[in-house]
Structure formats: structure tokens, C-alpha cells
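Colleague: The structure under discussion is supplied below as C-alpha cells; questions concerning it will follow.
The values are calculated or read from the model by the stated rules, or taken from the named source; none is laboratory data. Please read all numbers here as calculations on a predicted model, not as lab measurements. Methodologically, a virtual Cβ is constructed for each residue, glycine included, from the backbone with ideal geometry; neighbour enumeration extends over all protein chains shown. Please note that ligands, DNA and RNA were not included when accessible areas were found on the heavy atoms of the full protein model with its side chains. Shrake-Rupley method; radii C 1.70, N 1.55, O 1.52, S 1.80 Å.
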Amino acid sequence: MGEPQSPHESVLLAEVLDALAPLDGAVVVDGTFGAGGYSRAIAERGAIVIGIDRDPTVQPFVDALAADFPERFSFVASPFSELDIAIGERHVDAVVLDIGVSSMQLDQAERGFSFMRAGPLDMRMSRDGESAADLVNGLSETDLGNLIFAFGEERASRRIAKAIVAGRAEAQITDTLELARIIEKAVGRKPGGPHPATRTFQALRIAVNGEFDELVRALFAAEKILPEGGRLAVVTFHSLEDRIVKRFFDESKTSPTPSRHLPQQAKVEAHWSPVRKSVKAGSAETGRNPRARSATLRSGIRTGVVAREFQTAGLGVPGFRRGAA
Ligand SMILES: C[S@@+](CC[C@H](N)C(=O)[O-])C[C@H]1O[C@@H](n2cnc3c(N)ncnc32)[C@H](O)[C@@H]1O
């Protein structure tokens, strides 16, 4: 069966394959199946792939992989935070996560991810739960400002929240372009700069999909299921996510005693040893695919140290709590 036309070009594919190797005969969980770009390349190198995605619209790509690799590919519709449950009793050698929105999701105006396309303010990857419109029309001005600041690192968050509350007093804000217009009117637009709604849309998407909680849970789930020598590769697309992944790997480094005058410092046992330092896309890839510009790959190899319990302390997870002052 032929591959369905995929508008999504996989990012850092060669580097990801490198970080996951050796692949022949290995069992790999692709926690962000998307258009199946990674899954296909991994299966082509002789591995068994378990694909996971929470977006039901990936089904045509799932069908194509299943037809081409009936013995080596299976799929579970699930959030990747539950990848340890999704694999059941199966042994796994490697896990890969390519966090973020796919080109398909951005291109489908009716999903509401893009401030460039007219569509409902939705942004739900799994198509259930609270939508972006629910947040935009339901949160207090303080909560909106805090959310846009914490998850979007938007310095004009208060001004944007105020403009949203003024806008929704006239009529509910239900449309992507309408929200983008309100933001642009409130904060202006720098010639040649990014669209002023970029950070607010990022913040809403993160909140709607619980993206930080999903990421941290997935990292610890991978740590739990991978045996010694197992590999984890994670591609992120903004600094807030990358900080979490970096600290997750760093937290488990050995810390040798820095001075002979100080008492022997307890040796922290490492849960991971790094494959390579962080990896960015080269100019050939970013020239071809501008989305790759913001991508960072981090990866590690599991040591034999017993897995940690899920926790967020020390990982720099941005905080937003409704009703906080
Ligand atoms: C950037 S795309 C992956 C593209 C893929 N690597 C490829 O080469 O085609 C990210 C995918 O991860 C999925 N996703 C994002 N967050 C998820 C989560 N928490 N659980 C499961 N899937 C998730 C999205 O629905 C999307 O399909």
C-alpha cells in the first residue's frame, strides 16, 4: 500500500535514528506517531515499532504503516504520558518523542491551532476536554494573564488579557483570526517580527493539551520501562520544553567531589548517560524545513539505577494555577 500524502516533514530524522541505534531487532515506542515519519524509518531499519498518538486523525498514516509492516508495526491510541500502560507486557528497547504540533494539525483550519487560518478556537489534539475558546471566554483576566505569561513567556501578557476580556464583553471570542486581531490591536506588530499572537497561541495550546504534565509523565514512564542500555530520544520545539528535558537528564548525573577540603560529597547515581549533547538541525535541513529551526534533540542511555518516581521538582516546569493571585 502506498503512503498517504504527508504534508509533515520529519525533523532531525537522521539524528534521531542515530540516537536510538542499534535498531535491528529492537522494539521501539514512537510516542508521537503523527504522520509516521519516524515510525516508518525505524521499521525500515529492522526494528519493531509501537506507535502512539492521541490524535484520532492520524489513522490513515497508521493504516499505511500497518499495511507495509504487518509483522513489525502496531498502534495504540493513547496520550504518551501513559506509554507504560499502552505497551502492556511488551519489552521495549527505546522510546522516541517528537513533541508538538504536526503540520497536518496546523494546516487543518478547523483544528484551530493556527492564527493564520480562520477556524474555531479549538486546539484539542485528542478532540475532547476544554477547548481554547473555553479558556479564552471563561478564565478571569488575572488567570488569562498568568497563563499567557507562564506558558507563552509573553511580556505583554497583562495587556493581552485585558484586551481579550474587553473583546469578549461584546461577544464571545470563538474564532482564531478574531483572537489574533484582538491581540494585534492591543500590542501592535513589529515589521519583520513574529506575529504578535504567536506566544498567546502557544500558551493556549499548552494549557488545552496539558503539554508539560504530559511530557514529564512520559519521561518518567520511559525511565520506568526501559532496561539498562535502553535509549530515549526527545525532540522539543521551544525553550520551556527543552529546559524540562535537559533537567530530567541532568538531574541524574554523577556529581564528583569538587574539592579535597570539603567532606566527601554523596555520589548521585545517574539514571541516564548522555548519547550526545543537545543536537540542532543543520543548515541544509533548516533551509528545506523552517520548522526545524527551533528543534532540539536530547537523548540518553538508561543505566541500571532503579527508576525514579514521577515528580516535577527541579525540572523547571512553568507553573499556572487557576485562581492564583
Ligand atoms: C510533531 S508530530 C510527530 C511527527 C512524527 N515524528 C513524524 O515524523 O511524522 C507530533 C504528534 O504527537 C502527537 N502528540 C502530541 N502530544 C501528545 C501526547 N501527549 N500524547 C500522544 N500524542 C501526542 C500529536 O497529535 C502529533 O500527531
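Colleague: Of the residues Asp143, Asp122, only one is under 25 Å from Gly31 (Cβ atoms) and at pLDDT 95 or above; which?
Modeller: Only one candidate qualifies: Asp122.
Colleague: Now for a separate question. Report whether or not Glu82 is charged (D, E, K, R), within 23 Å of Arg243 (Cα to Cα) and open to solvent by 40 Å² or more (accessible area, probe 1.4 Å).
Modeller: Yes, satisfied.
Colleague: Separate question: I want to confirm something. Restricting to the range 227-237 and keeping residues that are over 28 Å from Ile173 (Cα atoms) and either open to solvent by 10 Å² or more (accessible area, probe 1.4 Å) or among the β-branched types (Val, Ile, Thr) (or both), which single residue is nearest to the ligand (Cβ to nearest atom)?
Modeller: Per the stated criteria, the residue is Val235.
Colleague: Another one. Quick one: which residue in Val76, Val58, Val28 is open to solvent by less than 30 Å² (accessible area, probe 1.4 Å), in contact with a helix residue (DSSP H, G or I) (Cβ under 9 Å, 6 or more places away or on another chain) and not in a helix (DSSP H, G or I)?
Modeller: Within the list Val76, Val58, Val28, the selection yields Val28.
Colleague: Inside the range 208-225, can you point out the residues that are over 16 Å from Gly100 (Cβ atoms) and crowded, with 23+ Cβ neighbours inside 10 Å?
Modeller: Answer for the range 208-225, where residues must be over 16 Å from Gly100 (Cβ atoms) and crowded, with 23+ Cβ neighbours inside 10 Å: Ala221, Ala222, Glu223.
Colleague: For the range 141-176, what are the residues that are touching a Gly at 6+ places or on another chain (Cβ under 8 Å), open to solvent by 40 Å² or more (accessible area, probe 1.4 Å) and either in contact (Cβ under 8 Å) with a residue 60 or more places away in the chain or under 16 Å from Arg205 (Cα atoms) (or both)?
Modeller: The one that is touching a Gly at 6+ places or on another chain (Cβ under 8 Å), open to solvent by 40 Å² or more (accessible area, probe 1.4 Å) and either in contact (Cβ under 8 Å) with a residue 60 or more places away in the chain or under 16 Å from Arg205 (Cα atoms) (or both): Asp175.
Colleague: Does Pro196 satisfy the criteria of being under 27 Å from Trp272 (Cβ atoms), assigned to a loop (DSSP other than H, G, I, E, B), open to solvent by 10 Å² or more (accessible area, probe 1.4 Å) and in contact with a Gly (Cβ under 9 Å, 6 or more places away or on another chain)?
Modeller: So Pro196 does not fit the description; no.
Colleague: Then there is this: Out of the residues in the range 104-121 meeting the condition of being part of a helix (DSSP H, G or I) and more than 8 Å from the ligand (Cβ to nearest atom), tell me which one is least open to solvent (accessible area, probe 1.4 Å).
Modeller: Result: Arg111.
Colleague: Just to verify a result, which residue in the range 31-55, among those that are assigned to a strand (DSSP E or B) and of a type outside the set (D, E, K, R), is farthest from the ligand (Cβ to nearest atom)?
Modeller: Residue satisfying both the conditions and the ranking: Ile48.
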